[in-house]
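Reviewing the structure listed below.
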Amino acid sequence: MECKRIVPVLRMLDVEKTREFYLDFLGAELLGEHRHEPSMPLYLFLSLGGCELHLSEHFGDGIPGANVRIETGGVKAYQQSLLAKAYRYARPGLEKPPWGGLEMTVQDPNGNRLTFFERES
């Protein structure tokens, strides 16, 4: 067996706040969305810096409070670009964990945490 990639499915409770957070604040790209019919839950497909994330209103598709770690480069520059947006619900800081590297954690409107990290070079 060879694993190709991991696509986390995170629970979404507020569609408009979720769109604002992921698309406007984080800068994700909307790849697509799906509903079986207009009154059914929404499922979003997003791309964020080459990482694919799915967000779902479907009961049972994840639980709020998940923590996803995303390895990346340029965490400090990304953090500065987010601060420059003056988003009223998040002002992410940088941390140097005891195991090394640099991290920035943001919490989405659904209680899910995204930790962007880079390893020490």
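Is there any pair linking a residue in segment 75-94 that is within 11 Å of PHE25 (Cβ to Cβ) to one that is part of a loop (DSSP other than H, G, I, E, B), with Cβ under 6 Å and at least six apart or on different chains, and which?
LEU82/PRO92
Just to check your reading of the model, which residue among PRO109, PRO97 is in contact with a Phe, Trp or Tyr (Cβ under 6 Å, 6 or more places away or on another chain) and part of a loop (DSSP other than H, G, I, E, B)?
That would be PRO109, the only listed residue that is in contact with a Phe, Trp or Tyr (Cβ under 6 Å, 6 or more places away or on another chain) and part of a loop (DSSP other than H, G, I, E, B).
Looking only at segment 91-120, how many residues end up being modelled with pLDDT under 95 and either under 13 Å from PHE21 (Cβ atoms) or of a type in the set (Phe, Trp, Tyr) (or both)?
Total satisfying the criteria: 1.
When residues of segment 42-70 are filtered for being touching an Asp or Glu at 6+ places or on another chain (Cβ under 7 Å) and farther than 22 Å from ASP24 by Cβ, how many remain?
The qualifying residues number 0.
Does any residue of segment 13-34 turn out to be more than 15 Å from ILE70 (Cβ to Cβ), at pLDDT below 95 and of a type in the set (Gly, Ala, Ser)?
Checking segment 13-34: not a single residue is more than 15 Å from ILE70 (Cβ to Cβ), at pLDDT below 95 and of a type in the set (Gly, Ala, Ser).
From the residues in segment 74-111 that are acidic (Asp, Glu) and closer than 23 Å to VAL7 by Cβ, which one is surrounded by the fewest Cβ atoms within 10 Å (Cβ to Cβ)? Explain how you work it out, then say what you get.
So in segment 74-111, the residues acidic (Asp, Glu) come out as 95, 103, 108.
Pick out the ones that are also closer than 23 Å to VAL7 by Cβ and you get 103, 108.
Values: GLU103: 18, ASP108: 26.
By that ranking, first place goes to GLU103.
Can you tell which of GLU52, GLU71 is loosely packed, with under 13 Cβ neighbours inside 10 Å, under 15 Å from the mean Cα position of the chain (by Cα) and touching a residue at least 24 places away in the same chain (Cβ under 8 Å)? Quick ask: steps written out before the conclusion?
Values: GLU52 fails: loosely packed, with under 13 Cβ neighbours inside 10 Å.
None of the other options fit; the residue is GLU71.
Exactly one condition in (1) farther than 22 Å from LEU83 by Cα; (2) out of contact with any helix residue (DSSP H, G or I) (no Cβ under 6 Å at 6 or more places or on another chain); (3) surrounded by 13 or more Cβ atoms within 10 Å (Cβ to Cβ) is false for LYS17; which is it?
LYS17 satisfies all of (1) farther than 22 Å from LEU83 by Cα; (2) out of contact with any helix residue (DSSP H, G or I) (no Cβ under 6 Å at 6 or more places or on another chain); (3) surrounded by 13 or more Cβ atoms within 10 Å (Cβ to Cβ) except (1).
Return yes when GLY60 is in a loop (DSSP other than H, G, I, E, B) and either touching a residue at least 12 places away in the same chain (Cβ under 8 Å) or of a type in the set (Phe, Trp, Tyr) (or both) and no when it is not. First the steps, then the outcome.
On the way: in a loop (DSSP other than H, G, I, E, B): yes; either touching a residue at least 12 places away in the same chain (Cβ under 8 Å) or of a type in the set (Phe, Trp, Tyr) (or both): no.
Criteria not met by GLY60.
Collect the residues in segment 112-121 that are under 14 Å from the mean Cα position of the chain (by Cα) and either without any contact (Cβ under 8 Å) to a residue 40 or more places away in the chain or surrounded by 15 or more Cβ atoms within 10 Å (Cβ to Cβ) (or both), keeping them in residue-number order. Show your work before the answer.
Quick first cut of segment 112-121, residues under 14 Å from the mean Cα position of the chain (by Cα) only: 112-117.
If the condition is that a residue be under 14 Å from the mean Cα position of the chain (by Cα) and either without any contact (Cβ under 8 Å) to a residue 40 or more places away in the chain or surrounded by 15 or more Cβ atoms within 10 Å (Cβ to Cβ) (or both), then ASN112, LEU114, THR115, PHE116, PHE117 are the ones that fit.
The values are calculated or read from the model by the stated rules, or taken from the named source; none is laboratory data. All of these numbers come straight from a predicted model, not from anything done at the bench. Cβ sites come from the backbone with ideal geometry, for glycine too, and all protein chains shown count toward neighbours.
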